[in-house]
Structures are given as structure tokens and as C-alpha cells.
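So the structure is just underneath, and the comments pick up after that.
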Amino acid sequence: ELKVEQNPLFLSMQEGKNYTIYCNYSTTSDRLYWYRQDPGKSLESLFVLLSNGAVKQEGRLMASLDTKARLSTLHITAAVHDLSATYFCAGQVTGNTPLVFGKGTRLSVIA
Amino acid sequence: ETGVTQTPRHLVMGMTNKKSLKCEQHLGHNAMYWYKQSAKKPLELMFVYNFKEQTENNSVPSRFSPECPNSSHLFLHLHTLQPEDSALYLCASSHPGDRANYGYTFGSGTRLTVV
């Protein structure tokens, strides 16, 4: 059974700083996803990582995947207030199995 | 609007009531899902439908009853709920199998409060 763990669960960071959110998973996972959720809103897809060594970047966010270590990271560069949200990673054993989510990381960017 | 529409957005119901949540997608997806999001727990998968057939029931109590009349619509029928069932219920859709490379598209959710 696939289990997904994120850390930290809460993160308060200053504007302009860099930080990394970690996502570990327990068994082989064909693909790894990152989602963002704003309070009271739906989950928005950020990144899909399909292979070992995959790296994707969008603005101040960069996601990577190391399948050997069973680890994905979401790196935040020079944080701004608009990035405040909850970030979820999710693993999927194969394309035919449901996504399994981590508990989420609540990020708060302060001035 | 994400392409997956859920109604109602908010619902307050008594423990003896019967209500239904509705989810609709016009993305051409063939898989639909119900997830429960509680305050202190990870997103919990409840039900999975592939091509209108239920393929997963994640040990969900029978007071939750899903219905998928076609690939575009998904319902969650609720009856005799408990206060601990209060949560955000999220619907999602996707292409199943190898075409699932883009993950799930989620609806905005229904915030359910059981009183």
C-alpha cells in the first residue's frame, strides 16, 4: 500500500527567502503530482513528474523527483505572499490506481 | 471554473436528513472520484468510477451511497450522517490508465456540516 508523507506540515517563511518541501513515498510510484489549494478553494494541479530525475519549473516553484530515494521536492525561490497556500503531493502506483495524497504543507509567506 | 462543477457549495443537514451531492464534468474524462477532506486528515479516497463502473469502495460506511449514471455525472447520496462526517467533499475526474498523465481535475467541493 502506497503511503505518502510530507514535511514540514506547517511552514512560515519570510518574503524573499528560499525553502523546500519534502515528499517521501513508501513504494514504487509511477508518477508524482503536486497540487496547490487556497483556503475554501479546489485543488489546482501544479506539476506532474513521470520519471526519475524529472525537474519542472513554473515561476518561483520547482519540483523534482528521485525515484531511487522515493523522494520528491518542491523548492520555493524568493517567496512572495501570493504563494501562501496548502501544497499537496500525491503518488500513484500506476496510471490505473488512485492518487494517494500526503497531509499537505500549509505555507504562510510573511513580510 | 475548473471544468468539474460541484453542487451545492455548502450544505447543512440534520442527522436524519437525506441529501445528495452532485458532480458534473465535461472534460471527456472517463474516471470520476469522491474524496473526503477533513481538518486533520489527509485527503481520503472514498469511491472510484471507471467508465460508469465502481472500481473502488474504500471501506466507506453505507450511509454514503454513490451513483454514476454516465461518465459525466457523479452523485453522492447521504443519509443518517454523523457529526464526524462534516468535511469538504471533493469530486475529481481524469483519464484512466496511461492517459492519466495530467492527474486529476478537482471540483470546488461541497462543504458539508452535519448538525
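Within region A:1-24, the set of residues being within 14 Å of chain B (Cβ to nearest Cβ) and over 19 Å from A:MET62 (Cβ atoms) comprises A:GLU1, A:LEU2, A:LYS3, A:VAL4, A:GLU5, A:LEU9, A:PHE10. When B:LEU90, B:LEU21, B:LEU81, B:LEU76 are screened for being surrounded by 21 or more Cβ atoms within 10 Å (Cβ to Cβ), of a type outside the set (Gly, Ala, Ser) and over 19 Å from A:SER42 (Cβ atoms), only B:LEU81 passes. Working only within region A:37-60, note down all residues that are within 12 Å of the chain's Cα centre (by Cα) and hydroxyl-bearing (Ser, Thr, Tyr). Matches in region A:37-60: A:SER45 only. When the residues of region A:48-66 are filtered to those that are more than 19 Å from A:PRO8 (Cβ to Cβ), hydrophobic (A, V, I, L, M, F, W, C) and in contact (Cβ under 8 Å) with a residue 12 or more places away in the chain, the one that is farthest from the other protein chains (Cβ to nearest Cβ) is A:LEU65. Scanning region A:10-43 for residues that are modelled with pLDDT under 95 and outside any strand (DSSP E or B) returns A:SER26, A:THR27, A:THR28, A:SER29, A:ASP30, A:ASP38, A:PRO39, A:GLY40, A:LYS41, A:SER42. Residues in region A:67-111 that are more than 14 Å from chain B (Cβ to nearest Cβ) and not in a strand (DSSP E or B): 13 in all.
Filtering region A:7-54 to residues that are among the charged types (D, E, K, R) and touching a Gly at 6+ places or on another chain (Cβ under 9 Å) leaves A:ASP30, A:ARG31, A:LYS41.
Of the residues making up region B:12-30, just one is modelled with pLDDT under 95 and among the hydroxyl-bearing types (Ser, Thr, Tyr), namely B:THR16. Residues in region B:43-72 that are more than 12 Å from B:TYR33 (Cα to Cα), buried (at least 17 other Cβ atoms within 10 Å of the Cβ) and small (Gly, Ala, Ser): there are none. Just one residue in the set A:ASP66, A:ASP30, A:ASP82 is farther than 26 Å from B:HIS29 by Cα and under 16 Å from the mean Cα position of the chain (by Cα); that residue is A:ASP66. Residues that are in contact (Cβ under 8 Å) with a residue 12 or more places away in the chain, within 13 Å of another protein chain (Cβ to nearest Cβ) and among the hydrophobic types (A, V, I, L, M, F, W, C) number at least 2 in the following strands (runs of 3 or more DSSP E) confined to region B:1-72: B:31-37, B:44-50. Taken as a whole, the condition of being among the polar types (S, T, N, Q) and closer than 19 Å to B:MET13 by Cα does not apply to B:SER72. Test A:LYS103 against the stated conditions and say whether it is closer than 30 Å to B:ASN30 by Cβ, among the charged types (D, E, K, R) and either in contact (Cβ under 8 Å) with a residue 60 or more places away in the chain or surrounded by fewer than 16 Cβ atoms within 10 Å (Cβ to Cβ) (or both). Here the answer is yes, as A:LYS103 does meet what is asked.
The values are calculated or read from the model by the stated rules, or taken from the named source; none is laboratory data. Note that the coordinates shown come from a computational prediction; the quantities given were computed from them, not determined experimentally. FYI the Cβ positions are ideal-geometry reconstructions off the backbone, even for glycines, and counts take in every protein chain you see.
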